[in-house]
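Below you'll find the structure, written out as structure tokens, and then a few comments.
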Amino acid sequence: MKRTCIPAIIVLVLSLIVAVGSQTFLGACVHEDGSFGACHWACRAILGEGALLAALAVLALVLKRERAGLYLAMIPASALGLLTPGALIALCKMPTMRCRMLTRPAMTILFALALLAALVGWLLSRRGEK
Amino acid sequence: MGRAHLPVKNLLRKPGRTAALVLLTALLAASVFGGSVVVGSLRRGLESLEARLGADIIVMPAEAESKVSFKNLLLQGTTGAFYMDASVLDAVRGAQGVEIAAPQTFLASLKADCCAIKVQIIGIDPGADFTVKPWIEESYSRGLGDMEVAVGCKVTAGVGETLKIYEQYTHVVAKLAETGTGLDTAVYCNMDTMKKLLAAAEAKGVTHRLTSGSDVISAVYVKVKDGADPAQVNNWLNGHIRKVTAVRARSMFTDVSDSLSGIARAARVLIGAVWALALVILLVAFAMMIRERRREFAVLRLLGVSRRGLRDEILAETALCGLAGALIGVGVAALGVFPFTTLIETQIGLPYLTPAPGTLLTLAGGTVLATLAVGLLAGAWAAARLSRTDPGATLREGA
């Protein structure tokens, strides 16, 4: 397997965890009265961002010549995911709420790792092109 | 190329083998650092709770199911409301051996402004209180006035903001220091404010389940006189005051301390097992690595590298792998523990307060050194085995 493929595989795995996790084991809670807050919509946005990252990772695996550019596109996509819970879309205010104690830290770590992997992938791909 | 770069070149030449060794040492470091931080946080949490509750005895209504719901209220911030007639306070104060008796009244809000969760409201008597008041005074020394509240560090409202409880507007005057317990999610007010909130709660249909119509309190915190036996005072209170339960605070701490000891013991056993396993795997891995590379080492020996030089070469490789693994392991454990502090605290259900930065740095440094030492031990053992083989024979048998 080519070395430049490894970061794409890592991003694919991370983005799948993000997408599935945001709606299941890492997702926000539903309030006691059945309603949901802004954190619910933050998780919906994260689902979209995870799917986008996954699509970019699959394309990077398939399209060898465009790989460096696709890795470059993954960097702002990961940054967007990093900023979504809390900064772009508000979460619950109490630190003991599920979205604050689980969703946000988990998504921050996952998107930060994806960003790092994308950066490494871009550097490796660029070196390969030279 | 000088021999100084040989260990780095060797490690980079076989990335799979290097990655496996680094991963193994990272596992070691992560288990030690992560486990130590969690156990350290639990210990600090218990110390913090003991410091906050200086009471010898806590008197509460018999309906409070003695310690169970009360313990949850303190440790996990579970909302609860149980009441007894305020005349219990006078009865407690009249008991022999009681130095100070301070009342507290609890009320669970229906819903905080921000989220769909209830917040515990605790009314204190600033004149008599000796448990919460010193803690509040660390952040606010003027004393809680009418409709003024102090909030735990995990309550969203900040100083200067208004908190609406049962349609009553209260003014936040202080945000309290973290304790790692359920006290962090509570709101504190004086008894006059509490009476208004209780009346507002009644208006909303939340009853106190008391029909006497007189003032109500939820608990009395008792400090016994010097020389008095807390056990005797506790027995007297249980025997002479009807419909209440007196619980010694120490017994509550002992329960928590027992749970903590159990967790600490399990963590120690787990960490020990991981270390023993990792040490065995490292020894086997190094033995296999040396066996695989014996021709390479034999050539080096025939080229004039001394036994000592060869040992240094192996130890340098081990040290590099160990250092990288230890740093990665500590980093991974930090990522797995620190962002999820609140989650761990909620799941464990015990007081949890992260150690001070200095302690954390010491723990991290100690973990790196210990991991490095184990790696070097395995490397030294492999090097000692290698030094006993004859390079000429090795090359001949491999030809």
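The values are calculated or read from the model by the stated rules, or taken from the named source; none is laboratory data. Since this is a predicted model, take the numbers as computed values, not measurements. Counting neighbours? That spans all protein chains shown, and the Cβs are built from the backbone with ideal geometry, glycine included.
Tabulated results
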item: Which listed residue is buried (at least 21 other Cβ atoms within 10 Å of the Cβ), modelled with pLDDT of 85 or more and under 28 Å from the mean Cα position of the chain (by Cα), from B:Gln120, B:Gln104; result: B:Gln104
item: Any hit, the range B:301-313, residues being away from chain A (no Cβ under 14 Å), buried (at least 17 other Cβ atoms within 10 Å of the Cβ), within 22 Å of B:Gly365 (Cβ to Cβ) and of a type in the set (A, V, I, L, M, F, W, C); result: no
item: Meets criteria (over 10 Å from the mean Cα position of the chain (by Cα), part of a loop (DSSP other than H, G, I, E, B), within 14 Å of chain B (Cβ to nearest Cβ) and more than 23 Å from A:Ile6 (Cα to Cα)) for A:Thr96; result: yes
item: Members of the range A:50-60 that are under 12 Å from A:Ile9 (Cα atoms) and surrounded by fewer than 18 Cβ atoms within 10 Å (Cβ to Cβ); result: A:Ala55, A:Val58, A:Leu59
item: Single unsatisfied condition, B:Thr185 versus (1) under 20 Å from B:Ala81 (Cβ atoms); (2) free of Cβ contacts under 8 Å to residues at least 60 places away in the same chain; (3) β-branched (Val, Ile, Thr); result: (2)
item: Close pairs (9 angstrom Cβ cut-off, 6 or more residues apart or separate chains): more than 15 Å from B:Ala26 (Cβ to Cβ) in the range B:279-290, assigned to a helix (DSSP H, G or I) and aromatic (Phe, Trp, Tyr) anywhere; result: B:Leu283/B:Trp381; B:Phe286/B:Trp381; B:Ala287/B:Trp381; B:Ile290/B:Phe297
item: Matching residues in the range B:330-357 - criterion: being away from chain A (no Cβ under 11 Å), over 18 Å from B:Leu183 (Cβ atoms) and either surrounded by fewer than 16 Cβ atoms within 10 Å (Cβ to Cβ) or hydroxyl-bearing (Ser, Thr, Tyr) (or both); result: B:Gly331, B:Ala356, B:Pro357
item: Residue, surrounded by the most Cβ atoms within 10 Å (Cβ to Cβ), within the range A:96-116, restricted to residues that are touching a residue at least 12 places away in the same chain (Cβ under 8 Å) and more than 16 Å from A:His40 (Cα to Cα); result: A:Ala114
item: Those residues of the range A:80-93 which are within 11 Å of chain B (Cβ to nearest Cβ) and surrounded by fewer than 21 Cβ atoms within 10 Å (Cβ to Cβ), in sequence order; result: A:Ala90, A:Lys93
item: Residues satisfying the stated conditions in the range B:153-181, i.e. within 13 Å of chain A (Cβ to nearest Cβ), touching a residue at least 40 places away in the same chain (Cβ under 8 Å) and in a loop (DSSP other than H, G, I, E, B); result: B:Lys154, B:Val155, B:Thr156, B:Ala157, B:Glu178, B:Gly180, B:Thr181
item: Unmet criterion (only one of (1) farther than 27 Å from B:Ala383 by Cβ; (2) in a loop (DSSP other than H, G, I, E, B)) for B:Thr346; result: (2)
item: So A:Leu102, is it within 14 Å of chain B (Cβ to nearest Cβ) and assigned to a helix (DSSP H, G or I); result: yes
item: Lone qualifier among A:Ala45, A:Ala19, A:Ala28, A:Ala77 - being away from every other protein chain (no Cβ under 14 Å) and either without any contact (Cβ under 8 Å) to a residue 24 or more places away in the chain or crowded, with 21+ Cβ neighbours inside 10 Å (or both); result: A:Ala77
item: B:Ala298 being outside any helix (DSSP H, G or I), surrounded by 15 or more Cβ atoms within 10 Å (Cβ to Cβ) and modelled with pLDDT of 80 or more; result: no
item: Residues that are in a helix (DSSP H, G or I) and modelled with pLDDT under 85, drawn from the range B:201-231; result: B:Ala201, B:Glu202, B:Ala203
item: Of all residues in the range A:17-40 being outside any loop (DSSP other than H, G, I, E, B) and more than 24 Å from A:Ala73 (Cα to Cα), the one that is modelled with the highest pLDDT; result: A:Gln23
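For (1) modelled with pLDDT of 90 or more; (2) in a loop (DSSP other than H, G, I, E, B); (3) more than 29 Å from B:Asp258 (Cβ to Cβ), each residue gets a yes or a no:
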{"site": "B:Thr318", "(1), (2), (3)": "no, no, yes"}
{"site": "B:Ala324", "(1), (2), (3)": "yes, no, yes"}
{"site": "B:Leu327", "(1), (2), (3)": "yes, no, yes"}
{"site": "B:Gly336", "(1), (2), (3)": "yes, no, no"}
{"site": "B:Pro339", "(1), (2), (3)": "yes, no, yes"}
{"site": "B:Leu361", "(1), (2), (3)": "yes, no, yes"}
{"site": "B:Ala364", "(1), (2), (3)": "yes, no, yes"}
{"site": "B:Leu377", "(1), (2), (3)": "no, no, yes"}
{"site": "B:Ala380", "(1), (2), (3)": "no, no, yes"}
